[in-house]
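The values are calculated or read from the model by the stated rules, or taken from the named source; none is laboratory data. Here the structure is a predicted model, which means the values were calculated and not measured. When we count neighbours, we look across all protein chains shown, and the Cβ atoms used for this are built from the backbone with ideal geometry, even at glycine.
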């Protein structure tokens with residue numbers, strides 16, 4: 001069995017300004033750095049360490065991964081990037097269309113603006129993380145830092161019955177195990193609030 005800790009980056013300037021942020025990037029705020037430090041403390045308190053650390057190629061994810069793990073040997077993968085919102089990048093969040101209630105995100109709403117389809121994001125996240133887990137040895141424990149929409153689509157893509165989790169808080173931590181080609185999600189933890197948003201029964 002292999003273990004994956006998948007987490008979202010800390011708060012960024014665009015998050016603070018409530019701007020749409022996908023392919024575009026902005027730096028972590030002071031609060032974002034504090035959130036990452038709280039995630040680091042959670043892992044330390046739980047006695048968790050990582051055999052390897054991965055992040056998307058975006059600065060906010062890489063910086064969060066470095067703070068949380070206290071490492072610089074982070075492998076960056078394009079497949080872990082956030083959804084591309086096309087011409088809507090950096091626009092106010094109130095311009096976002098409503099999410100579909102079945103968990104399929106925005107579907108193709110942003111394709112017209114040169115962005116990605118939510119289902120394409122789901123597929124690349126599933127492909128990237130499945131390949132990653134298949135190519136590590138049993139007993140290995142890794143940390144992966146990605147993004148809210150991308151993570152939401154990932155767990156909905158790999159779980160037979162995904163729990164109803166709406167919104168992925170900054171630095172949310174999701175624990176998965178991977179065995180015989182299948183992912184199992186054990187919990188979603190918010191280190192800022194110090195609460196479990198979801199725990200498998």
> If we keep just the residues of segment 128-147 that are in contact (Cβ under 8 Å) with a residue 60 or more places away in the chain and either out of contact with any strand residue (DSSP E or B) (no Cβ under 9 Å at 6 or more places or on another chain) or part of a loop (DSSP other than H, G, I, E, B) (or both), which is nearest to residue 6 (Cα to Cα)?
Replying inline: 147
>> Quick check on this structure: which one of 121, 158, 68, 126 is under 22 Å from residue 37 (Cα atoms), at pLDDT 95 or above and within 15 Å of the chain's Cα centre (by Cα)?
In response: 68
> Looking at (1) in a helix (DSSP H, G or I); (2) touching a helix residue (DSSP H, G or I) at 6+ places or on another chain (Cβ under 7 Å), which is the only condition residue 82 fails?
Replying inline: (1)
> All but one of (1) under 13 Å from the mean Cα position of the chain (by Cα); (2) surrounded by fewer than 18 Cβ atoms within 10 Å (Cβ to Cβ) hold for residue 144; which doesn't?
Replying inline: (2)
> Could you list, in sequence order, the residues of segment 1-49 that are over 29 Å from residue 94 (Cα atoms) and assigned to a strand (DSSP E or B)?
Replying inline: 2, 3, 4, 5
> Can you tell me which residues in segment 1-21 are in contact with a helix residue (DSSP H, G or I) (Cβ under 7 Å, 6 or more places away or on another chain), closer than 22 Å to residue 154 by Cα and in contact (Cβ under 8 Å) with a residue 60 or more places away in the chain?
Replying inline: 2, 4, 6, 7, 8, 9, 10, 11, 20, 21
> Any chance segment 87-101 includes a residue that's more than 24 Å from residue 20 (Cα to Cα) and modelled with pLDDT of 95 or more?
Replying inline: no
> How many residues does segment 4-19 contain that are under 15 Å from residue 170 (Cα atoms) and within 16 Å of the chain's Cα centre (by Cα)?
Replying inline: 9
> How many residues does segment 26-71 hold that are closer than 20 Å to residue 133 by Cα and either in contact with a strand residue (DSSP E or B) (Cβ under 6 Å, 6 or more places away or on another chain) or buried (at least 20 other Cβ atoms within 10 Å of the Cβ) (or both)?
Replying inline: 12
>> Take the residues in segment 107-121 that are in contact (Cβ under 8 Å) with a residue 12 or more places away in the chain and part of a loop (DSSP other than H, G, I, E, B); name whichever of them is farthest from residue 152 (Cα to Cα).
In response: 114
> How many residues does segment 162-197 contain that are over 23 Å from residue 61 (Cα atoms), outside any loop (DSSP other than H, G, I, E, B) and either modelled with pLDDT under 95 or out of contact with any strand residue (DSSP E or B) (no Cβ under 9 Å at 6 or more places or on another chain) (or both)?
Replying inline: 1
